1. Calculated FRET efficiency, A:GLU160 and B:ASN232, Cβ-Cβ r, R0 41 Å, to nearest 0.05?
2. Name the residues of the range B:117-136 whose amide N is less than 18 Å from a point 7 angstrom out from the Cα of A:ALA123 along the C-beta direction?
3. In deg cm²/dmol and to the nearest 500, what is the mean residue ellipticity at 222 nm of chain A if only DSSP H runs of at least 4 residues count, each as -39500 (n - 2.57), divided by the residue total?
4. Once both labels are modelled 7 Å past Cα along the beta-carbon direction, what's the B:GLU260-B:THR248 spacing in nm?
5. Where the label is 7 Å out from Cα toward Cβ, how close does A:GLU6 come to the same position in every other copy, in nm, shortest first?
6. Rounding to the nearest 20 debye, state how big the charge dipole of chain B is about its Cα centre with +1 on each Lys and Arg Cβ and -1 on each Asp and Glu Cβ.
7. If a helix is a whole DSSP H run, which ones in chain B reach 15 Å or further along their own axis (Cα) and hold a mean Kyte-Doolittle hydropathy of at least 0.5?
8. With a/c under 1.5 counting as rounded, go ahead and sort chain A into rounded, prolate or oblate using the C-alpha gyration tensor (a ≥ b ≥ c being the square roots of the eigenvalues; past the cut-off, prolate if a/b is larger than b/c, else oblate).
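What follows is calculated from the coordinates using simple rules that are stated; it is not laboratory data. This structure is a prediction, so every number in the text was calculated from the model and none was measured. In this analysis, Cβ positions are derived from the backbone assuming ideal geometry, glycine residues included, and neighbour counts consider all displayed protein chains.
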2 protein chains.
Amino acid sequence: MLRFEEYVKVASQAIAGIQYPAAPAALYEPVAYTMALGGKRLRPVLALMACDAFCGDYSRALNQAVGIELYHNFTLLHDDVMDKADVRRGKPTVHVRWNDNVAILSGDAMLTMAGQHVAKADAAHLKAAMELFNSTAMEVYEGQQYDMDFECRNDVAEEEYIAMIRLKTSVLLGCACKMGAIMADAAEEDAKRIYQYGVDLGVAFQLQDDWLDVYGDPATFGKEIGGDIMNNKKTFMLINAMNRAMGTDRDELMRWLAAENPVREEKVAAVTALYSRLGISELAIEAMNRYNDRALQVLDTINISEEARRHFRDFANMLMHRDR
Amino acid sequence: MLRFEEYVKVASQAIAGIQYPAAPAALYEPVAYTMALGGKRLRPVLALMACDAFCGDYSRALNQAVGIELYHNFTLLHDDVMDKADVRRGKPTVHVRWNDNVAILSGDAMLTMAGQHVAKADAAHLKAAMELFNSTAMEVYEGQQYDMDFECRNDVAEEEYIAMIRLKTSVLLGCACKMGAIMADAAEEDAKRIYQYGVDLGVAFQLQDDWLDVYGDPATFGKEIGGDIMNNKKTFMLINAMNRAMGTDRDELMRWLAAENPVREEKVAAVTALYSRLGISELAIEAMNRYNDRALQVLDTINISEEARRHFRDFANMLMHRDR
């Protein structure tokens with residue numbers, strides 16, 4: 001197998017090689033722009049690694065890996081319109097650089113292009129690849145809808161939150177793993193297990209994202225700390241704080257949630273202090289580790305070489321020790 | 001073969017039978033709502049007719065027919081967000097009844113559901129069905145983008161306009177015809193020809209739409225006459241008027257195009273009178289008939305029974321004599 005950085009390079013080259021028609025420019029330029037913004041390329045790397053682990057030839061899943069990354073970036077593009085987010089990876093988002101209509105339409109095109117890449121599979125794998133891709137896509141929309149539903153609710157339970165991020169974030173990592181397994185003709189039981197590895201890892205990954213937004217190092221995090229706090233985003237942190245805070249803590253939390261135009265530094269500092277008082281940081285790290293452990297446990301049951309297993313273990317370790 | 005109304009009934013029943021998960025409601029209710037608004041169901045009927053004509057069993061294309069109608073309605077849903085259209089088939093549009101974010105996300109889900117229905121094809125037809133569906137979808141986005149590009153241009157040529165409506169509207173009718181042919185194992189040459197029939201018919205259909213928006217009977221048209229004129233929409237009518245009007249006619253047309261908050265009745269009456277003076281109505285009818293004739297000519301070369309050919313001829317006649 002290759003080293004992690006080498007899979008990233010293979011994925012990045014394939015992504016850079018996507019062909020975009022020249023016209024109409026306002027349809028295809030935003031797609032090329034979005035795909036060129038970069039990112040960690042975790043999903044295509046997982047697809048390539050899984051394919052390699054099961055058959056020794058990662059290239060069999062290359063088109064599908066690109067398709068999944070196109071899909072992931074399509075969700076970011078449309079999410080940015082819905083969230084009215086101005087910046088993505090240090091650059092203006094598509095709806096800011098162009099406009100909302102261009103962002104909607106080029107996102108639609110990106111979704112179809114994602115399907116086209118997955119559908120490049122040969123006849124023997126096409127059905128399974130399309131079914132996995134399409135059913136995963138539906139789950140991702142469901143997760144995004146639950147996330148939007150939660151904005152208007154103050155009684156979201158931790159389990160509901162985990163179920164939401166499982167749909168919105170994690171199943172696509174599971175899909176990437178399973179896609180690699182499918183293209184490699186892995187046994188069905190193994191394909192299911194590598195899917196579970198990806199999903200559990202995805203939950204741990206999102207929980208860490210929530211944690212980093214509060215406790216990350218501003219020097220390395222890549223975006224401003226406290227964005228979720230400022231937006232009252234119902235993250236694992238806030239949900240648990242709302243469920244745990246009593247008395248004056250609860251009053252203070254509710255006051256900050258209701259504050260109009262609060263001073264950023266003050267609100268972030270106060271809510272962070274509250275989280276720390278309530279033990280929310282430890283709670284998040286605990287949950288994160290629990291899902292990471294589950295991923296490693298299921299990994300141990302998969303029929304792959306010990307070398308391949310080590311690669312997936314290293315991948316999980318790397319994710320859990322990232323600072324951005 | 002069945003009568004036209006019977007194909008409509010088969011398509012409508014299949015559409016009514018689409019299964020929507022119960023939750024999250026805000027994701028699936030707008031999809032069910034959109035599909036229940038009705039419409040002429042021309043695309044699924046064409047798919048069923050074509051399949052029936054080539055193999056005598058329309059049911060082979062039923063899932064793909066539903067998929068194409070889901071796709072068509074997805075484009076209407078997202079177009080209504082982009083156009084800020086409030087009403088569709090006499091009911092509030094999704095972004096009005098819910099909101100923009102719900103309309104974007106449920107439209108995305110609808111696009112994936114469309115692909116899922118097309119992908120229900122058996123292994124022997126899956127590759128061809130997916131490739132036709134995906135490449136057609138890309139062309140439809142291109143057409144929509146050109147349509148938006150034309151809004152900012154005053155020099156659109158008639159040929160450019162025809163090329164745009166071919167992409168935005170016609171290829172999906174061609175796709176429906178060819179999808180039926182593919183599912184029926186028609187010869188490749190016949191599949192190409194029935195595609196061409198659908199595309200030419202689609203151009204005639206859109207030209208008629210432009211014409212009806214000006215010269216339609218308000219009692220039967222279903223929406224207010226003159227909507228395109230009020231919106232300065234670059235239709236076949238306006239493009240030709242802009243290219244033909246000289247002297248005072250041109251000045252008057254430009255004045256109406258630039259008028260802020262004009263009285264509806266006045267602007268519609270004045271521009272319609274201008275169209276009539278410039279012979280635009282005849283020009284549109286001529287172009288419409290030209291494309292309708294092309295569709296009927298290619299129809300004559302397809303290897304199908306004379307009964308089937310009559311069905312497709314009747315379909316074209318019905319389209320050309322509709323009043324809404």
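1. Values: r = 48 Å, r/R0 = 1.18.
For R0 = 41 Å, the calculated efficiency reads 0.25.
2. B:119-132
3. Working: 17 runs with 239 residues, N = 324.
Computed ellipticity for chain A at 222 nm equals -24000 deg cm²/dmol.
4. Reported label-point gap for B:GLU260 and B:THR248 is 2.8 nm.
5. Output for A:GLU6: 6.4 nm, nearest copy listed first.
6. Result for chain B is approximately 580 debye, rounded to the nearest 20.
7. Values: long enough: B:4-16 (18 Å, 0.35); B:25-36 (16 Å, 0.73); B:42-55 (20 Å, 1.51); B:62-83 (31 Å, 0.06); B:100-118 (27 Å, 0.54); B:123-150 (41 Å, -0.27); B:171-183 (17 Å, 1.85); B:188-215 (40 Å, -0.50); B:247-258 (17 Å, -0.85); B:264-278 (21 Å, -0.09); B:280-299 (29 Å, -0.01); B:306-320 (21 Å, -0.93).
Answer set is B:25-36, B:42-55, B:100-118, B:171-183.
8. Working: a/c = 2.06, a/b = 1.36, b/c = 1.51.
Oblate shape, in that a/c is at least 1.5 and b/c is the bigger or equal ratio.
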